[in-house]
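Written below as structure tokens is the structure these notes are about.
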Amino acid sequence: QEARAKSREALMLDVRLTDGTIESFDYASLRRVRYSPDGTIVLRFGKDEVTAEGRNLDRLRCAISEHRARFIQQGTETELDIKPEDAAHIERIEIKEGDEEL
């Protein structure tokens with residue numbers, strides 16, 4: 001337990017939405033990360049897909065690819081106004097659930 005607690009790698013990625021909903025995805029099922037310079041990151045967890053849109057997301061993509069990000073969080077317009085211009089900001093997160101096999 002102690003070794004895992006000190007690990008820099010996260011076991012799950014929390015996806016936090018503005019309504020307070022948090023959905024956690026197992027990093028072990030992360031199969032693909034696609035980043036577009038237009039401000040889009042697409043994460044494939046098995047058949048589920050998480051799309052985050054915003055600005056300055058390249059460092060976040062690196063942290064996710066290395067399993068170091070504990071969460072991604074959808075921001076508000078108020079937060080956008082007070083963040084530095086070069087700070088990451090996620091404007092929208094969409095979760096598409098794939099078909100689960102039993």
| With all protein chains present, how much of the accessible area of region 21-102 (probe radius 1.4 Å) comes from carbon and sulfur, to the nearest whole percent? | 44
| note | Counting only protein heavy atoms and rolling a 1.4 Å probe, one gets per residue an accessible area for the chain in Å² of 69
| field | MET12 long-range amide H proximity, modeled H, under 5 Å | value | TYR27
| said: Run the helix sum for the chain: -39,500 (n - 2.57) per DSSP H stretch of 4+ residues, divided by residue count, reported at 222 nm to the nearest 500 deg cm²/dmol. | reply: -4500 deg cm²/dmol
| request: With viscosity set to 0.890 mPa s and temperature to 25 °C, compute the Stokes-Einstein D of the chain, Rh being the Kirkwood radius across alpha carbon pairs; µm²/s, no decimals. | output: 171
| query | Given labels modelled 7 Å from the Cα in the Cβ direction, how far is it in nm from ASP99 to THR76? | reply | 4.1
| Unit charges on C-beta of K, R, D, E only; dipole of region 6-92, Debye | 540
| query | Given TYR27, THR51, GLY39, which one lies farthest toward the positive end of the charge dipole of the chain, if we put +1 on the Cβ of every Lys and Arg and -1 on the Cβ of every Asp and Glu? | reply | TYR27
| query | Taking θ as phi - 60°, what are the ³J(HN,Hα) couplings along region 58-74 by the Karplus curve (6.51, -1.76, 1.60), each to the nearest whole Hz, with x for Gly and Pro? | reply | 4, 5, 5, 4, 4, 5, 5, 4, 8, 6, 9, 6, 7, 7, 10, 9, 6
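The values are calculated or read from the model by the stated rules, or taken from the named source; none is laboratory data. Values in this document were obtained by computation on a predicted structure and should not be read as measured data. With ideal geometry, Cβ positions are generated from the backbone for all residues, glycine too; neighbour counts draw on all protein chains shown. The area values use the complete protein model at the heavy-atom level, side chains included, leaving out ligands, DNA and RNA. Shrake-Rupley method; radii C 1.70, N 1.55, O 1.52, S 1.80 Å.
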